[in-house]
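A quick write-up on the structure given underneath.
None of the figures in this text is laboratory data; all of them are computed from the coordinates on show. Just so you know, these numbers come straight off a predicted model, no measurement behind them. Counting neighbours? That spans all protein chains shown, and the Cβs are built from the backbone with ideal geometry, glycine included.
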Amino acid sequence: MPQPMPSLLDTVRRIETPEGIELSLRLAGPVPRALAWVADSLIRYGVLWGLLMVLATLGGGGFGLWLIALFLMEWLYPVLFEVYVDGATPGKKALGLKVVHAGGAPVDWPAALIRNLLRAVDFLPAFYGFGLVAMTGSRDFQRLGDLAAGTVVIHRDPPAKIPPPPPGPALPPPAPLDLVEQRLLLDFAERGSALNPARQAELADLLAGFTGLRGQAGVERLRAHARWLAGEPP
Amino acid sequence: MRLDAIAVELRPRNAWEATDLGAAMVRRWPGPVYAAWFALAAPLFLLLHLICWNRWWLVPWLLWWLKPLLDRPLLYVLGHVLFGETPDRRQVRRDWPGLLRRQAFAALTWRRFDAARAFTLPVDQLEGRAGQARRQRLRDLSRSGRGPAVWLTVVCLHLEIALDFALIALVWMLLPDFVTVEFSDLLDDADVLGQLWLNAIGFCGLSLVEPFYVAAGFALYLNRRVWLEAWDLELGFRRLAARLARSGRAAAGVLLALGLGLLAIPATGFTADAPPRAAPSAPAEKAPPIKSPCQQRREREAQLARAASPVKQALAETLREPELRICAQRDRWRWRDDDASDAPDHQPPDRTLAQRFAAAVEILLWFALGVFVVLAGWEGLRRAPGALVRAGRRRAAAPATPPVRGRNDAASPTTGLGDDAWRLWVQGQPRQALKLLYRGSLTGLATQYALPVQTSATEEECLRLVAARLADPGLLDFFHRLTRAWQATAYAHRPPDPASARALCEEWPRYFAAGGAWPA
């Protein structure tokens, strides 16, 4: 099988652990992150506004407390969430994002502090100008704070769940398949229900030489092979 | 269009990942993409200035309005480079006129405000659909694809505005000190220069964002098709079939690829809708307030002229001189002067409850600082002299004691160490007993037999040292058994049987001076 894979364009960062396991981090770019930032800002300023309403009744001292809250909200809100709540502020969680170290490990205090304190630099010259340019230009969508802290923002959720294929007979494939190919057949069985029947048959016809069948029969045969690969008894 | 020539990894992504893929696409092919952008946008930008001579503020609006046309070359190039071809000049000359003409009217009028413009553009331009077929196609694709596309438009619109401001701020920051320009001056579009300057900034912001916007919309479109038509599976199946055919196992006629015209690239078409862009505000010609300073002054002059007093009339005469007649009113924004608002704050402090509360918080903070300083000092003192004392002790002890020192084992050295060990054993502390024996042995080895036993040596190293340096088979055998018994007890929690323990305790004095110089 030809392997033009490495040069294919994708937004995935691949990491090989010392145990030889390959992890893929699906990096998140400017659009979802900007939306997450907006959501977080709404939450932050909503809370601050509520606090102001309450604390304003206390006069000058209350205003002082509010300023302290403002400081904490500005600088520690993202840090605390990223360290203690699974690497995601509420906004990031809503967009299915999360912050991790570039190696895939959960983000820790120093990294979260650095990446969030350096927001001040990313904000320059105005409205996250540098951050946006750095994020779009760097290979792993890192803004300057991310580059300094060695962190990346990744997509957390796997793509939407797909219903399991209908039950049926299981048949061993007529020829040995490598891992990628086995995965293909399983994907076909899992995602088949999302495709229209004509398209399914069309795809199955591509493997007519493999199954010896065409049309709906080929589809059924491929599903049977997938069930066998998934470990169902023949 | 050959799917196996596609240069992006095909996999079903969620919509946000797809927009990220769009950014990655521009990053991968910045040359062709920006060449296509500037080839149309830059001449158009200049041309608009010529057309709107002296009405410069129109240019950004018109540019914004024409965005759907500006997007087409971008998509044209992206559609080509995605499949590994870079269109050359000849192709461009052949394709672009049609590309720009097709459905141009619709794109610039009723479709101009389609908020998912970047997402629908590929349907118009690459699939070349129109009318009913287009509507049906968009319905199919839009089911879960349109929402993110609208968000994309909203985000890109704001990013563009943010970048405009960022560019202006950057220029302002980089101005040398002697250029006295307020930040607000850079936003002033009242004169020709300011107008042109803002037009240029707007064009830069547009150029930075628009390619990414089009690419992200295209990626959203591709992603929808990957989901709906399982392109990744098709590609994989083709590869699998090809492999099987090569390996000769597959039957002959391995499937003929259904030439599903996947992407009818050369077609042109369009849809339109641009994100509404913030436009520089038109030159402000505000109606003067009811009593502008000039009006007030004119009234005052009229009063003076009517007055009976000759002095006042002379004054009115003087004010009518041409040099003094000038009265102009200029409005502009400037930052509020914070000094001015300070004045009312200097009131005597009223000791309200809140004030007292604030004072209490302040005292608490000072107290916390004090506690911190004390603790830090204490910790520093504790560490620094401690280190000194330890180092001094080590220096003093070095010449006198052997490298191995028994630590504070709770047995008195007066009676035989073997007896002490046995007593410990009988008390049910086998670990302590063997520890005592073993340490005693090491000390004995160091003092009586003058072996250089290092504190860092492992049990095995000690054993090898004994075997190498001492020619006493009895001692070696004893020490070997002792070491094994100690290791089994210490690391495996398996104490030896009582008989061998007893033997070890009894044999110990035979090799080491009983109760001898085993230091505390």
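Observations, loosely collected:
- Put the Cα centre of segment B:309-327 next to the Cα centre of segment B:166-206 and the gap is 41 Å.
- Convex hull per residue volume in Å³, alpha carbons only, for segment B:1-79: 114 Å³
- Taking only the Cα atoms of segment A:26-155, the ratio Rg/Rh comes out at 1.02, with Rh defined as the Kirkwood radius.
- When cysteine pairs in the protein assembly as shown are screened for C-beta atoms closer than 4.7 angstrom, the residues that find no partner are B:C52, B:C156, B:C204, B:C462, B:C505.
- Per-residue HN-Hα couplings for segment B:440-448 [Karplus 6.51, -1.76, 1.60; θ = phi - 60°; Hz; x = Gly/Pro]: x, 4, 4, 4, x, 4, 6, 8, 6
- Residue mean of other protein chain beta carbons inside 10 Å, B:152-162: 3
- Highest mean first, the peptides A:72-79, B:136-143, B:60-67 sorted by other C-beta atoms within 10 Å per residue fall in the order B:60-67, A:72-79, B:136-143.
- Proximal charge balance of A:R221 [Cβ under 14 Å; K/R count +1, D/E count -1]: +1
- Summed side-chain charge close to B:H80 - residues other than B:H80 whose Cβ falls under 12 Å, Lys, Arg +1, Asp, Glu -1: -3
- Estimated 222 nm signal from helices in chain A, with DSSP H stretches of n ≥ 4 weighted -39500 (n - 2.57), rounded to 500: -16000 deg cm²/dmol
- Inter-centroid distance (Cα atoms) of segment B:450-512 relative to segment B:26-90, Å: 86 Å
- Estimated vicinal HN-Hα couplings, Hz - segment B:70-77 in sequence order (Karplus 6.51, -1.76, 1.60; Gly, Pro = x): 5, 6, 5, x, 4, 5, 4, 5
- Number of Lys pairs (Cα under 26 Å; 8 or more positions apart or on different chains) in the protein assembly as shown: 4
- Convex hull volume of segment B:155-235 per residue (C-alpha atoms, cubic angstrom): 107 Å³
- Burial ranking of peptide ranges A:109-118, A:42-51 (average Cβ count within 10 Å, highest at the top): A:109-118, A:42-51
- When you filter the chymotrypsin sites (Phe, Trp or Tyr not before Pro) in segment B:82-161 for DSSP loop state and at most 12 other Cβ atoms inside 10 Å of their Cβ, you are left with B:W110.
- Sorting the segments B:481-487, A:13-19 by their residues' average number of neighbouring beta-carbon atoms within 10 angstrom, most packed first, yields B:481-487, A:13-19.
- Remark: mean inter-chain Cβ contacts per residue of A:206-214 equal 6, using a 10 Å Cβ-Cβ cutoff to other protein chain atoms.
- At 1.306 mPa s and 10 °C, Stokes D of the protein assembly as shown from Kirkwood alpha-carbon radius, µm² per second: 46 µm²/s
- Peptide B:238-246 shows a mean partner chain C-beta count of 5 within 10 Å per residue C-beta.
- Semi-axis lengths (Å, descending) of the ellipsoid that matches the C-alpha gyration tensor of chain A: 50, 20, 15
- Principal axis dimensions, segment A:166-234 - Cα atoms, whole angstrom, descending: 28, 24, 21
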